[in-house]
Amino acid sequence: MSRPRLVGCITPDGKPVTQDWFQIARGSDAYILRGVFQAPQGNSFVVGDVMIGGVAVAFGGQIAKLIDMGLTGVAMARARSRIRPFPALAPLPYRRRVRPLEVLRGDCSRDFG
């Protein structure tokens with residue numbers, strides 16, 4: 001996860017929102033696993049006061065759109081690893097092809113009930 005791109009984010013007093021609104025709760029600057037977006041201590045504003053492109057923040061998804069996600073993998077020769085490989089998709093009892101009409105009507109309860 002990246003730090004949020006805060007270009008276009010402003011507080012009610014017209015000042016730009018800075019990176020001190022974002023704290024890393026788990027991980028490091030290089031590998032952020034969890035972040036918290038909130039007003040810095042001593043600030044009288046709350047996240048709902050922030051405007052992103054002229055629109056007040058009402059949902060966490062508005063902040064999530066400002067964050068880039070990534071996945072890092074490490075590859076190695078199979079013979080060098082002590083961990084046994086496992087399939088990416090294990091068979092699940094409820095996995096079957098769901099037709100779009102069933103989804104629209106909500107007729108999937110027999111698989112998940």
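The values are calculated or read from the model by the stated rules, or taken from the named source; none is laboratory data. Quantities reported herein were computed from a predicted structural model and do not represent experimental measurements. When we count neighbours, we look across all protein chains shown, and the Cβ atoms used for this are built from the backbone with ideal geometry, even at glycine.
Structure notes:
- Qualifying residue in segment 88-110 (condition: modelled with pLDDT of 65 or more, surrounded by fewer than 10 Cβ atoms within 10 Å (Cβ to Cβ) and farther than 30 Å from PRO12 by Cα): no
- Selected residue (criterion: farthest from SER2 (Cα to Cα)) from residues of segment 26-71 that are without any contact (Cβ under 8 Å) to a residue 40 or more places away in the chain, of a type in the set (A, V, I, L, M, F, W, C) and loosely packed, with under 10 Cβ neighbours inside 10 Å: ALA58
- Within segment 44-61, the set of residues being more than 14 Å from ASP13 (Cα to Cα) and not in a helix (DSSP H, G or I) comprises GLY53, VAL55, VAL57, ALA58, PHE59.
- In segment 10-19, the qualifying residues are those that are surrounded by 11 or more Cβ atoms within 10 Å (Cβ to Cβ) and not polar (S, T, N, Q), and the one that is nearest to MET69 (Cα to Cα) is VAL17.
- Qualifying residues in segment 23-36 (those that are over 14 Å from the mean Cα position of the chain (by Cα) and not hydroxyl-bearing (Ser, Thr, Tyr)) - the one nearest to ASP49 (Cα to Cα): GLN23
- Any chance ARG5 is in contact with a Leu (Cβ under 8 Å, 6 or more places away or on another chain), surrounded by 10 or more Cβ atoms within 10 Å (Cβ to Cβ) and not in a loop (DSSP other than H, G, I, E, B): no
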